[in-house]
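No lab work stands behind these numbers, since they all come straight from the coordinates. Note that the structure is predicted; figures quoted are calculated from it, not measured. Don't worry about glycine lacking a Cβ; one is built from the backbone with ideal geometry, like all the others, and counts go over all protein chains shown.
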Amino acid sequence: MELLTQDLKIRLVNNGRFNATRRAAGKPEIDFMPLVKLFCPWGGGTWLLSEIDPEDADLAFGLCDLGLGFPELGSVSLSELEEVRGPGGLRIERDLYFTPDKTLGSYAEEARIHERIVS
């Protein structure tokens, strides 16, 4: 399965471009809802992504949780996620049933309390 569909990539880049424009104008960024949830089927890794850097299509922004109790907002390399292989050749997957119900910032606040992403 494709980690990100073309439609998701376009929407993520559009969000990234929108916030880059706001930053350049000195305006506060928008706290978008995440558009995609990625997860590690053999471990505790979870990523909720809301943007892709419009100048670097490999760099996504979101809430990143490696399953160590310290989820944080930050950037992640999509190519690195695609290269990860687990037992039996398992790969990072996209949650096909994920439907966001709050902004990325709200997920981050909740994750700090629970020490993991709760979605």
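What about G88, is it in contact (Cβ under 8 Å) with a residue 24 or more places away in the chain and farther than 18 Å from F18 by Cα? The answer is no for G88. For beta carbons closer than 7 Å, sequence separation of 6+ or different chains, a first residue in the range 6-31 that is in contact (Cβ under 8 Å) with a residue 12 or more places away in the chain and a second that is among the hydroxyl-bearing types (S, T, Y) and assigned to a loop (DSSP other than H, G, I, E, B), the qualifying pairs are D31/T103. The one condition from (1) in a loop (DSSP other than H, G, I, E, B); (2) closer than 15 Å to V118 by Cα; (3) of a type in the set (K, R) that K37 does not meet is (1).
Only one entry in G74, G67, G62 is touching a strand residue (DSSP E or B) at 6+ places or on another chain (Cβ under 8 Å), in contact (Cβ under 8 Å) with a residue 12 or more places away in the chain and either part of a helix (DSSP H, G or I) or over 12 Å from A111 (Cβ atoms) (or both), namely G74. If you check D7, D65 for being under 12 Å from the mean Cα position of the chain (by Cα) and of a type in the set (D, E, K, R), only one passes: D65.
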